[in-house]
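Peer 1: Provided herewith is a single structure, encoded as C-alpha coordinates, for subsequent inquiry.
The values are calculated or read from the model by the stated rules, or taken from the named source; none is laboratory data. Note that this is a predicted model, so its numbers are computed, not measured. Because the Cβ atoms are built from the backbone with ideal geometry, glycine has one as well, and the counts that use them run over all protein chains shown. These accessible areas exclude ligands, DNA and RNA; they are computed on the full protein's heavy atoms, side chains included. Shrake-Rupley method; radii C 1.70, N 1.55, O 1.52, S 1.80 Å.
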Amino acid sequence: MNQSLQPISFKDPSGHVIQKEDGYYRYVSHQYATEYEHLMHSGLYKSLTDASLMIEHQEIEEKETGNNYYKVLFPQQIELITYPYEWVFSQWLDMALAFLRINRIALQHGMILKDATPYNFVFAEGKCMLLDSLSFRFFKDGDPWIAYRQFCEEILGPLALMRYNDPSWARLQRAFLRGFPLAFVSQQLPLKTWFNTACLLHIHLHAKFQNRKENARQTHAGFSKQKLKILWELLQKTLTKWDRPLNVHSIWDQYYENDIEEENYLADKTAVVSQWLAETKPDITIDLGANTGKFSFIAAQFSKQVIALENDRICVEQIRTESKQKKINNISTLVADITEPSPALGWANAEKTALLKRMNGDMVLALALVHHLCLSKNIPLDFIAKTIAGITTKYAIVEFVSKNDSKAKSLLQHREDIFEDYTEDNFVNSFNKYFKLVDTCAASARKLFLWEKK
(Lines give C-alpha, C1' and ligand atoms only; values in the text may rest on other atoms or scores of the structure.)
Protein backbone atom coordinates (compact mmCIF):
# COMPACT_ATOMS: atom_id res chain seq x y z
CA MET A 1 0.00 0.00 0.00
CA ASN A 2 1.39 3.36 -1.07
CA GLN A 3 1.12 5.73 1.86
CA SER A 4 3.27 8.35 3.52
CA LEU A 5 3.12 10.53 6.59
CA GLN A 6 2.39 14.08 5.52
CA PRO A 7 4.86 16.61 6.97
CA ILE A 8 2.04 19.12 7.48
CA SER A 9 0.61 16.89 10.23
CA PHE A 10 3.73 15.80 12.10
CA LYS A 11 3.53 18.49 14.81
CA ASP A 12 0.27 17.42 16.44
CA PRO A 13 0.38 14.26 18.59
CA SER A 14 -3.43 14.10 18.41
CA GLY A 15 -3.21 12.50 14.99
CA HIS A 16 -1.62 12.43 11.57
CA VAL A 17 -2.60 12.83 7.93
CA ILE A 18 -1.59 10.01 5.61
CA GLN A 19 -1.89 10.12 1.84
CA LYS A 20 -2.97 7.00 -0.01
CA GLU A 21 -3.82 6.32 -3.63
CA ASP A 22 -7.50 7.20 -3.15
CA GLY A 23 -7.03 10.33 -1.04
CA TYR A 24 -6.06 11.69 2.36
CA TYR A 25 -6.84 9.92 5.65
CA ARG A 26 -6.67 11.27 9.19
CA TYR A 27 -5.43 8.91 11.90
CA VAL A 28 -6.58 9.74 15.45
CA SER A 29 -4.17 8.84 18.24
CA HIS A 30 -5.27 7.10 21.45
CA GLN A 31 -4.30 10.11 23.55
CA TYR A 32 -6.95 12.19 21.75
CA ALA A 33 -9.71 9.60 22.19
CA THR A 34 -11.60 11.46 24.95
CA GLU A 35 -11.67 14.76 23.07
CA TYR A 36 -12.66 13.05 19.83
CA GLU A 37 -15.58 11.19 21.43
CA HIS A 38 -16.80 14.43 23.01
CA LEU A 39 -16.59 16.20 19.65
CA MET A 40 -18.65 13.49 17.98
CA HIS A 41 -21.26 12.81 20.68
CA SER A 42 -21.79 16.18 22.34
CA GLY A 43 -23.48 17.61 19.26
CA LEU A 44 -20.50 19.83 18.37
CA TYR A 45 -19.54 17.93 15.23
CA LYS A 46 -23.11 18.01 13.93
CA SER A 47 -23.54 21.70 14.74
CA LEU A 48 -20.39 22.64 12.84
CA THR A 49 -20.94 20.43 9.81
CA ASP A 50 -24.62 21.43 9.55
CA ALA A 51 -23.48 25.07 9.50
CA SER A 52 -20.82 24.28 6.84
CA LEU A 53 -18.10 25.43 9.24
CA MET A 54 -16.19 22.13 9.25
CA ILE A 55 -15.66 19.46 6.62
CA GLU A 56 -17.36 16.11 7.19
CA HIS A 57 -15.57 12.81 7.67
CA GLN A 58 -16.38 9.12 7.81
CA GLU A 59 -14.98 6.62 10.29
CA ILE A 60 -13.59 3.59 8.53
CA GLU A 61 -12.32 0.19 9.59
CA GLU A 62 -8.69 -0.53 8.79
CA LYS A 63 -7.19 -3.74 10.11
CA GLU A 64 -3.64 -2.86 9.13
CA THR A 65 -3.39 -0.10 11.75
CA GLY A 66 -3.84 -2.57 14.63
CA ASN A 67 -3.76 -0.75 17.96
CA ASN A 68 -1.54 2.09 16.73
CA TYR A 69 -4.45 4.48 16.29
CA TYR A 70 -7.79 5.03 17.97
CA LYS A 71 -9.75 5.89 14.83
CA VAL A 72 -9.18 6.24 11.11
CA LEU A 73 -11.11 9.00 9.36
CA PHE A 74 -11.72 9.63 5.67
CA PRO A 75 -12.44 13.37 5.41
CA GLN A 76 -14.32 15.11 2.64
CA GLN A 77 -11.76 15.35 -0.15
CA ILE A 78 -11.02 18.87 -1.42
CA GLU A 79 -10.13 19.33 -5.09
CA LEU A 80 -7.70 22.18 -4.48
CA ILE A 81 -6.08 23.17 -1.21
CA THR A 82 -5.06 26.83 -1.29
CA TYR A 83 -2.80 28.47 1.26
CA PRO A 84 -3.25 31.84 3.02
CA TYR A 85 -0.59 33.50 0.87
CA GLU A 86 -2.81 32.68 -2.13
CA TRP A 87 -5.94 34.28 -0.62
CA VAL A 88 -7.44 37.70 -1.11
CA PHE A 89 -8.54 39.92 1.76
CA SER A 90 -12.15 38.72 1.75
CA GLN A 91 -10.97 35.12 2.17
CA TRP A 92 -8.83 36.10 5.14
CA LEU A 93 -11.80 37.90 6.62
CA ASP A 94 -14.10 34.91 6.06
CA MET A 95 -11.52 32.68 7.73
CA ALA A 96 -11.14 34.95 10.78
CA LEU A 97 -14.91 35.22 11.26
CA ALA A 98 -15.29 31.44 10.83
CA PHE A 99 -12.60 30.91 13.47
CA LEU A 100 -14.47 33.09 16.00
CA ARG A 101 -17.83 31.54 15.17
CA ILE A 102 -16.48 27.99 15.56
CA ASN A 103 -15.03 28.90 18.95
CA ARG A 104 -18.34 30.32 20.17
CA ILE A 105 -20.19 27.17 19.12
CA ALA A 106 -17.50 24.93 20.61
CA LEU A 107 -17.67 26.82 23.91
CA GLN A 108 -21.32 25.87 24.22
CA HIS A 109 -20.17 22.25 24.18
CA GLY A 110 -17.32 22.75 26.64
CA MET A 111 -14.54 22.91 24.05
CA ILE A 112 -12.32 25.45 22.30
CA LEU A 113 -9.97 25.48 19.33
CA LYS A 114 -6.44 24.81 20.53
CA ASP A 115 -4.91 26.27 17.34
CA ALA A 116 -5.36 29.60 15.57
CA THR A 117 -3.61 28.91 12.31
CA PRO A 118 -5.22 29.87 8.98
CA TYR A 119 -3.72 26.70 7.49
CA ASN A 120 -6.42 24.72 9.30
CA PHE A 121 -9.04 26.26 7.00
CA VAL A 122 -10.02 25.46 3.44
CA PHE A 123 -12.37 27.04 0.89
CA ALA A 124 -14.81 24.64 -0.72
CA GLU A 125 -18.25 25.03 -2.27
CA GLY A 126 -18.05 28.78 -1.73
CA LYS A 127 -17.54 28.46 2.03
CA CYS A 128 -14.65 28.65 4.49
CA MET A 129 -14.48 25.48 6.58
CA LEU A 130 -12.26 24.02 9.28
CA LEU A 131 -10.11 21.25 7.85
CA ASP A 132 -8.69 19.77 11.07
CA SER A 133 -11.27 17.94 13.19
CA LEU A 134 -8.61 17.26 15.85
CA SER A 135 -8.16 20.96 16.71
CA PHE A 136 -10.46 20.96 19.74
CA ARG A 137 -9.64 20.72 23.43
CA PHE A 138 -11.71 20.97 26.60
CA PHE A 139 -12.27 24.35 28.22
CA LYS A 140 -13.43 25.19 31.73
CA ASP A 141 -13.79 28.48 33.58
CA GLY A 142 -10.44 29.86 34.60
CA ASP A 143 -8.51 28.36 31.69
CA PRO A 144 -6.42 30.67 29.49
CA TRP A 145 -7.21 31.24 25.82
CA ILE A 146 -4.33 29.04 24.75
CA ALA A 147 -4.39 30.13 21.10
CA TYR A 148 -4.49 33.87 21.85
CA ARG A 149 -0.94 34.72 20.83
CA GLN A 150 -1.23 32.57 17.71
CA PHE A 151 -4.49 34.30 16.80
CA CYS A 152 -2.82 37.71 17.05
CA GLU A 153 0.28 36.71 15.09
CA GLU A 154 -1.25 34.50 12.40
CA ILE A 155 -4.73 35.96 11.89
CA LEU A 156 -5.32 39.42 13.36
CA GLY A 157 -1.87 40.87 12.58
CA PRO A 158 -1.83 39.89 8.90
CA LEU A 159 -5.44 41.04 8.51
CA ALA A 160 -4.61 44.45 9.99
CA LEU A 161 -1.66 44.85 7.61
CA MET A 162 -3.88 44.00 4.65
CA ARG A 163 -6.65 46.27 5.89
CA TYR A 164 -4.62 49.39 6.67
CA ASN A 165 -1.56 49.04 4.42
CA ASP A 166 -2.05 46.86 1.35
CA PRO A 167 -3.75 43.51 0.63
CA SER A 168 -0.50 42.32 -0.96
CA TRP A 169 0.83 41.74 2.57
CA ALA A 170 -0.85 38.33 2.34
CA ARG A 171 1.82 37.16 -0.04
CA LEU A 172 4.49 37.73 2.60
CA GLN A 173 3.01 34.80 4.49
CA ARG A 174 5.31 32.73 2.28
CA ALA A 175 8.18 34.16 4.33
CA PHE A 176 6.34 33.99 7.69
CA LEU A 177 4.57 30.63 7.80
CA ARG A 178 4.08 30.96 11.57
CA GLY A 179 2.67 34.47 11.37
CA PHE A 180 4.17 37.92 11.70
CA PRO A 181 5.93 38.87 14.97
CA LEU A 182 3.68 41.39 16.71
CA ALA A 183 6.48 43.92 17.18
CA PHE A 184 7.02 43.83 13.42
CA VAL A 185 3.29 44.25 12.74
CA SER A 186 3.06 47.16 15.19
CA GLN A 187 5.93 48.96 13.47
CA GLN A 188 4.34 48.62 10.03
CA LEU A 189 0.82 49.77 10.93
CA PRO A 190 -0.10 53.46 10.55
CA LEU A 191 -0.67 55.80 13.49
CA LYS A 192 -4.46 55.65 13.21
CA THR A 193 -4.47 51.99 14.22
CA TRP A 194 -3.52 53.08 17.75
CA PHE A 195 -7.05 54.49 17.93
CA ASN A 196 -8.62 51.18 16.92
CA THR A 197 -9.39 49.22 20.09
CA ALA A 198 -8.63 45.78 18.60
CA CYS A 199 -5.31 46.91 17.11
CA LEU A 200 -4.35 48.80 20.26
CA LEU A 201 -5.03 45.95 22.68
CA HIS A 202 -4.18 42.87 20.65
CA ILE A 203 -1.32 44.15 18.50
CA HIS A 204 0.37 47.31 19.78
CA LEU A 205 0.10 46.78 23.54
CA HIS A 206 0.40 43.02 23.14
CA ALA A 207 3.68 43.54 21.30
CA LYS A 208 4.90 46.06 23.88
CA PHE A 209 4.42 43.71 26.83
CA GLN A 210 4.97 40.37 25.08
CA ASN A 211 8.71 40.05 25.67
CA ARG A 212 8.40 41.29 29.24
CA LYS A 213 5.84 38.59 30.02
CA GLU A 214 7.85 35.87 28.30
CA ASN A 215 11.01 36.79 30.16
CA ALA A 216 9.09 36.57 33.41
CA ARG A 217 7.61 33.24 32.26
CA GLN A 218 4.11 34.47 32.87
CA THR A 219 1.08 32.86 31.26
CA HIS A 220 -2.08 34.49 30.03
CA ALA A 221 -4.69 35.11 32.67
CA GLY A 222 -7.63 32.75 32.71
CA PHE A 223 -11.10 33.53 31.41
CA SER A 224 -14.57 32.63 32.39
CA LYS A 225 -16.70 31.35 29.53
CA GLN A 226 -18.73 34.55 29.66
CA LYS A 227 -15.69 36.84 29.42
CA LEU A 228 -14.22 34.82 26.61
CA LYS A 229 -17.50 34.98 24.74
CA ILE A 230 -17.57 38.78 25.15
CA LEU A 231 -13.98 39.07 23.89
CA TRP A 232 -14.78 37.09 20.77
CA GLU A 233 -17.92 39.13 20.14
CA LEU A 234 -15.90 42.36 20.33
CA LEU A 235 -13.34 40.97 17.90
CA GLN A 236 -16.13 39.90 15.58
CA LYS A 237 -17.64 43.41 15.60
CA THR A 238 -14.26 44.89 14.68
CA LEU A 239 -13.58 42.43 11.89
CA THR A 240 -17.08 42.82 10.46
CA LYS A 241 -16.32 46.53 9.99
CA TRP A 242 -13.15 45.62 8.10
CA ASP A 243 -15.23 44.86 5.02
CA ARG A 244 -12.51 45.84 2.54
CA PRO A 245 -8.89 47.07 2.42
CA LEU A 246 -8.37 50.82 2.59
CA ASN A 247 -5.68 50.98 -0.11
CA VAL A 248 -6.39 49.11 -3.33
CA HIS A 249 -5.53 49.64 -6.97
CA SER A 250 -5.69 47.56 -10.14
CA ILE A 251 -4.94 47.96 -13.83
CA TRP A 252 -7.02 44.97 -14.90
CA ASP A 253 -10.38 45.29 -13.17
CA GLN A 254 -11.96 47.10 -16.14
CA TYR A 255 -10.10 45.12 -18.80
CA TYR A 256 -13.09 43.77 -20.72
CA GLU A 257 -14.96 47.08 -20.49
CA ASN A 258 -12.11 49.39 -21.54
CA ASP A 259 -9.32 47.41 -23.21
CA ILE A 260 -11.09 45.21 -25.75
CA GLU A 261 -11.38 47.20 -28.95
CA GLU A 262 -13.54 44.87 -31.04
CA GLU A 263 -16.89 43.72 -29.64
CA ASN A 264 -17.23 41.12 -32.39
CA TYR A 265 -13.93 39.57 -31.34
CA LEU A 266 -15.10 39.07 -27.77
CA ALA A 267 -18.46 37.68 -28.89
CA ASP A 268 -16.81 35.25 -31.31
CA LYS A 269 -14.26 34.21 -28.70
CA THR A 270 -17.01 33.57 -26.16
CA ALA A 271 -18.97 31.46 -28.64
CA VAL A 272 -15.96 29.35 -29.64
CA VAL A 273 -14.75 28.74 -26.10
CA SER A 274 -18.27 27.82 -25.00
CA GLN A 275 -18.62 25.37 -27.88
CA TRP A 276 -15.30 23.68 -27.17
CA LEU A 277 -16.08 23.40 -23.46
CA ALA A 278 -19.47 21.89 -24.26
CA GLU A 279 -17.81 19.34 -26.54
CA THR A 280 -14.99 18.35 -24.18
CA LYS A 281 -17.09 18.34 -20.97
CA PRO A 282 -14.20 18.85 -18.53
CA ASP A 283 -14.45 17.94 -14.85
CA ILE A 284 -11.92 20.53 -13.67
CA THR A 285 -11.06 23.62 -15.71
CA ILE A 286 -8.07 25.78 -14.79
CA ASP A 287 -8.37 29.37 -16.00
CA LEU A 288 -4.86 30.82 -16.10
CA GLY A 289 -4.83 34.61 -15.93
CA ALA A 290 -8.55 34.69 -15.20
CA ASN A 291 -8.76 38.49 -14.95
CA THR A 292 -12.26 39.32 -13.62
CA GLY A 293 -13.49 35.83 -14.41
CA LYS A 294 -15.49 36.30 -17.61
CA PHE A 295 -14.37 32.93 -18.96
CA SER A 296 -14.23 31.33 -15.52
CA PHE A 297 -17.98 31.87 -15.26
CA ILE A 298 -18.48 30.48 -18.75
CA ALA A 299 -16.39 27.43 -17.83
CA ALA A 300 -18.44 26.99 -14.65
CA GLN A 301 -21.46 26.20 -16.84
CA PHE A 302 -19.67 23.25 -18.43
CA SER A 303 -17.33 22.05 -15.66
CA LYS A 304 -17.83 20.45 -12.27
CA GLN A 305 -15.10 22.68 -10.84
CA VAL A 306 -13.25 25.76 -12.05
CA ILE A 307 -9.94 27.00 -10.66
CA ALA A 308 -9.49 30.71 -11.42
CA LEU A 309 -5.85 31.77 -11.10
CA GLU A 310 -5.11 35.49 -11.28
CA ASN A 311 -2.27 37.65 -9.97
CA ASP A 312 -4.37 40.79 -9.52
CA ARG A 313 -6.07 40.71 -6.11
CA ILE A 314 -8.82 43.16 -7.08
CA CYS A 315 -9.81 40.98 -10.01
CA VAL A 316 -9.98 37.94 -7.74
CA GLU A 317 -12.15 39.89 -5.28
CA GLN A 318 -14.52 40.65 -8.17
CA ILE A 319 -14.74 36.97 -9.06
CA ARG A 320 -15.57 36.07 -5.46
CA THR A 321 -18.14 38.85 -5.17
CA GLU A 322 -19.89 37.89 -8.40
CA SER A 323 -19.81 34.21 -7.43
CA LYS A 324 -21.56 35.00 -4.15
CA GLN A 325 -24.12 37.26 -5.82
CA LYS A 326 -24.97 34.64 -8.44
CA LYS A 327 -24.66 31.76 -5.95
CA ILE A 328 -22.08 29.99 -8.08
CA ASN A 329 -20.22 27.57 -5.81
CA ASN A 330 -18.00 25.67 -8.23
CA ILE A 331 -15.34 28.35 -8.78
CA SER A 332 -12.23 28.29 -6.60
CA THR A 333 -9.96 31.33 -6.69
CA LEU A 334 -6.34 31.83 -5.86
CA VAL A 335 -3.93 34.73 -6.18
CA ALA A 336 -0.80 33.60 -7.98
CA ASP A 337 1.61 34.64 -10.69
CA ILE A 338 2.09 31.72 -13.07
CA THR A 339 5.66 32.96 -13.69
CA GLU A 340 6.35 32.80 -9.93
CA PRO A 341 4.06 30.04 -8.60
CA SER A 342 4.04 29.29 -4.89
CA PRO A 343 6.97 26.97 -4.12
CA ALA A 344 7.19 24.07 -1.70
CA LEU A 345 7.81 25.48 1.79
CA GLY A 346 8.27 24.50 5.41
CA TRP A 347 10.20 21.64 6.96
CA ALA A 348 12.29 19.91 4.27
CA ASN A 349 10.31 21.99 1.76
CA ALA A 350 7.46 19.53 2.26
CA GLU A 351 4.98 21.10 4.71
CA LYS A 352 3.42 23.25 2.00
CA THR A 353 3.12 21.69 -1.43
CA ALA A 354 4.14 23.67 -4.51
CA LEU A 355 1.21 25.15 -6.41
CA LEU A 356 1.96 23.31 -9.65
CA LYS A 357 1.84 20.03 -7.70
CA ARG A 358 -1.53 20.89 -6.14
CA MET A 359 -3.25 22.29 -9.22
CA ASN A 360 -4.41 19.78 -11.79
CA GLY A 361 -7.34 19.59 -14.18
CA ASP A 362 -8.48 18.08 -17.45
CA MET A 363 -8.84 21.46 -19.20
CA VAL A 364 -6.66 24.57 -19.11
CA LEU A 365 -7.75 27.96 -20.45
CA ALA A 366 -4.89 30.28 -21.41
CA LEU A 367 -6.74 33.16 -23.07
CA ALA A 368 -4.96 36.43 -23.93
CA LEU A 369 -2.09 35.20 -21.77
CA VAL A 370 0.73 33.83 -23.92
CA HIS A 371 1.76 37.19 -25.41
CA HIS A 372 2.05 38.68 -21.91
CA LEU A 373 4.22 35.79 -20.76
CA CYS A 374 6.48 35.93 -23.82
CA LEU A 375 6.70 39.66 -24.56
CA SER A 376 6.57 41.01 -21.00
CA LYS A 377 8.09 38.22 -18.92
CA ASN A 378 10.49 36.76 -21.51
CA ILE A 379 9.12 33.24 -21.02
CA PRO A 380 9.95 30.97 -24.00
CA LEU A 381 7.07 29.33 -25.85
CA ASP A 382 8.48 25.86 -25.08
CA PHE A 383 8.35 26.61 -21.35
CA ILE A 384 4.73 27.71 -21.56
CA ALA A 385 3.67 24.62 -23.48
CA LYS A 386 5.45 22.31 -21.02
CA THR A 387 3.90 24.02 -17.97
CA ILE A 388 0.38 23.85 -19.39
CA ALA A 389 0.89 20.21 -20.29
CA GLY A 390 1.98 19.57 -16.70
CA ILE A 391 -1.30 20.74 -15.17
CA THR A 392 -3.84 19.25 -17.58
CA THR A 393 -4.60 15.61 -18.19
CA LYS A 394 -6.63 16.10 -21.39
CA TYR A 395 -7.23 19.48 -23.02
CA ALA A 396 -6.08 23.07 -23.32
CA ILE A 397 -7.61 26.06 -25.05
CA VAL A 398 -4.82 28.51 -25.80
CA GLU A 399 -5.00 31.87 -27.53
CA PHE A 400 -2.14 33.14 -29.68
CA VAL A 401 -1.86 36.91 -30.18
CA SER A 402 0.43 37.94 -33.02
CA LYS A 403 2.80 40.90 -32.89
CA ASN A 404 0.44 42.74 -35.28
CA ASP A 405 -2.20 42.93 -32.57
CA SER A 406 -2.50 46.38 -30.95
CA LYS A 407 -2.06 44.98 -27.44
CA ALA A 408 1.05 43.08 -28.44
CA LYS A 409 2.43 46.25 -30.02
CA SER A 410 1.81 48.16 -26.80
CA LEU A 411 3.87 45.60 -24.86
CA LEU A 412 6.80 46.25 -27.19
CA GLN A 413 6.35 50.00 -27.38
CA HIS A 414 9.08 50.88 -24.89
CA ARG A 415 11.43 47.94 -25.28
CA GLU A 416 13.53 46.33 -27.97
CA ASP A 417 11.86 43.55 -29.90
CA ILE A 418 14.18 40.65 -29.14
CA PHE A 419 11.48 38.05 -29.67
CA GLU A 420 12.21 36.66 -33.12
CA ASP A 421 10.99 33.24 -32.01
CA TYR A 422 7.57 34.61 -31.10
CA THR A 423 5.67 33.43 -34.17
CA GLU A 424 2.59 31.33 -34.74
CA ASP A 425 4.65 28.57 -36.32
CA ASN A 426 6.92 28.32 -33.29
CA PHE A 427 3.88 28.44 -31.00
CA VAL A 428 2.34 25.49 -32.84
CA ASN A 429 5.63 23.57 -32.86
CA SER A 430 6.07 24.08 -29.11
CA PHE A 431 2.61 22.79 -28.26
CA ASN A 432 2.89 19.92 -30.76
CA LYS A 433 5.54 18.40 -28.48
CA TYR A 434 2.90 17.73 -25.80
CA PHE A 435 -0.46 18.02 -27.57
CA LYS A 436 -2.20 17.20 -30.81
CA LEU A 437 -4.19 19.96 -32.48
CA VAL A 438 -7.95 19.38 -32.46
CA ASP A 439 -9.34 22.66 -33.82
CA THR A 440 -8.52 26.31 -34.49
CA CYS A 441 -10.48 29.51 -34.89
CA ALA A 442 -9.16 32.90 -36.02
CA ALA A 443 -10.39 36.24 -34.69
CA SER A 444 -8.69 39.39 -36.04
CA ALA A 445 -4.96 39.14 -35.26
CA ARG A 446 -5.70 36.53 -32.62
CA LYS A 447 -6.26 32.81 -32.94
CA LEU A 448 -7.73 30.17 -30.62
CA PHE A 449 -6.33 26.65 -30.50
CA LEU A 450 -7.96 23.58 -28.97
CA TRP A 451 -5.28 21.07 -27.97
CA GLU A 452 -5.59 17.49 -26.72
CA LYS A 453 -2.75 16.08 -24.65
CA LYS A 454 -0.75 13.28 -26.22
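Peer 1: Ignoring ligands, DNA and RNA, what percent of the 1.4 Å accessible area of the range 316-382 is carbon and sulfur?
Peer 2: On the way: 1460 of 2830 Å².
Accessible surface attributable to carbon and sulfur in the range 316-382 totals 52 percent.
Peer 1: Restricting to the chain, compute how many DSSP beta bridges are antiparallel as a %, nearest 5.
Peer 2: Values: 38 of 58 bridges.
The antiparallel fraction comes to roughly 65 percent.
Peer 1: Which links in LYS46/LYS71; LYS11/LYS114; LYS114/LYS208; LYS114/LYS241; LYS294/LYS447 stretch past 20 Å when you go from one Cα to the other? The partial results should precede the final answer.
Peer 2: Details: LYS46/LYS71 18 Å; LYS11/LYS114 13 Å; LYS114/LYS208 24 Å; LYS114/LYS241 26 Å; LYS294/LYS447 18 Å.
Checking Cα-Cα distances, LYS114/LYS208; LYS114/LYS241 exceed 20 Å.
Peer 1: Ok, one more. Give the accessible surface of the range 249-407 per residue, rounded to a whole number of Å², with probe radius 1.4 Å and ligands, DNA and RNA excluded.
Peer 2: Accessible surface, normalised per residue, equals 43 Å².
Peer 1: With just the Cα atoms of the range 150-196, tell me how far they stretch along each of the three principal axes, in Å, largest first.
Peer 2: Here the Cα extents, ordered largest to smallest, are 28, 20, 15 Å.
Peer 1: Which residue, VAL316, TYR27, THR392, has the largest displacement toward the positive end of the dipole of the chain when charges sit on each Cβ (Lys, Arg +1; Asp, Glu -1)?
Peer 2: Going by the charge dipole, the pick is TYR27.
Peer 1: How large is ³J(HN,Hα), in whole Hz, for each residue of the range 268-281 in order, when computed from phi with the Karplus curve 6.51 cos²θ - 1.76 cosθ + 1.60 and θ = phi - 60°, using x for Gly and Pro?
Peer 2: 5, 4, 4, 5, 5, 4, 4, 5, 5, 5, 5, 6, 8, 6
Peer 1: What number does the range 60-141 give for Rg over Rh if you use C-alpha atoms and the Kirkwood radius? Let's see the in-between values first.
Peer 2: Working: Rg = 15.1 Å, Rh = 14.6 Å.
For the range 60-141, the value is 1.04.
Peer 1: Based on the mean of other Cβ atoms within 10 Å per residue, sort peptides 124-135, 273-284 so the most packed one is first.
Peer 2: Numbers: 124-135: 20.2, 273-284: 17.4.
So the order, starting with the most tightly packed, is 124-135, 273-284.
Peer 1: Tell me, what % of the accessible area of the range 108-194 is carbon and sulfur with a 1.4 angstrom probe?
Peer 2: Numbers: 1740 of 3220 Å².
C and S atoms contribute 54 percent here.
Peer 1: Here's something else I'd like to know. Pairs LYS127/LYS352; LYS20/LYS453; LYS326/LYS357: which exceed 29 Å Cα-Cα?
Peer 2: Those over the limit are LYS326/LYS357.
Peer 1: Residue-wise, which Karplus ³J(HN,Hα) couplings in Hz belong to the range 84-98, taking 6.51 cos²θ - 1.76 cosθ + 1.60, θ = phi - 60°, and x for glycine or proline?
Peer 2: x, 6, 10, 9, 8, 4, 5, 5, 4, 5, 4, 5, 4, 5, 5
Peer 1: Taking a spot 7 Å from the Cα of GLU279 along the direction of its beta carbon, which residues of the range 395-421 have an amide N less than 20 Å from it?
Peer 2: 395-401, by backbone N distance to the label point.
Peer 1: Applying the Karplus parametrisation 6.51 cos²θ - 1.76 cosθ + 1.60 with θ = phi - 60° to the phi angles of the range 148-153, what ³J(HN,Hα) value in whole Hz is obtained for each residue in order, glycine and proline being reported as x?
Peer 2: Couplings: 4, 4, 4, 4, 5, 7 Hz.
Peer 1: Principal axis lengths of the range 57-196 from Cα atoms, whole Å, largest first?
Peer 2: 59, 40, 25
Peer 1: Tell me, how many Å apart are the Cα centres for the range 382-454 and for the range 27-54?
Peer 2: Centre-to-centre (Cα) distance: 50 Å.
Peer 1: At a 1.4 Å probe radius, carbon and sulfur cover how many percent of the accessible area of the range 13-106?
Peer 2: Values: 1830 of 4130 Å².
Answer for the range 13-106 is 44 percent, counting heavy atoms of protein chains only.
Peer 1: Can you order the peptides 199-208, 95-104 by their average number of other Cβ atoms within 10 Å per residue, highest first? Don't skip to the end; give the middle numbers.
Peer 2: Values: 199-208: 18.7, 95-104: 20.4.
Result, highest mean Cβ count within 10 Å first: 95-104, 199-208.
Peer 1: Same structure again: I'd like to check one number: the per residue accessible area of the range 131-174, probe 1.4 Å, reported in Å² as a whole number. Display every interim value, and only then the final one.
Peer 2: Details: 1440 Å² over 44 residues.
Computed with neighbouring chains in place, this is 33 Å² per residue.
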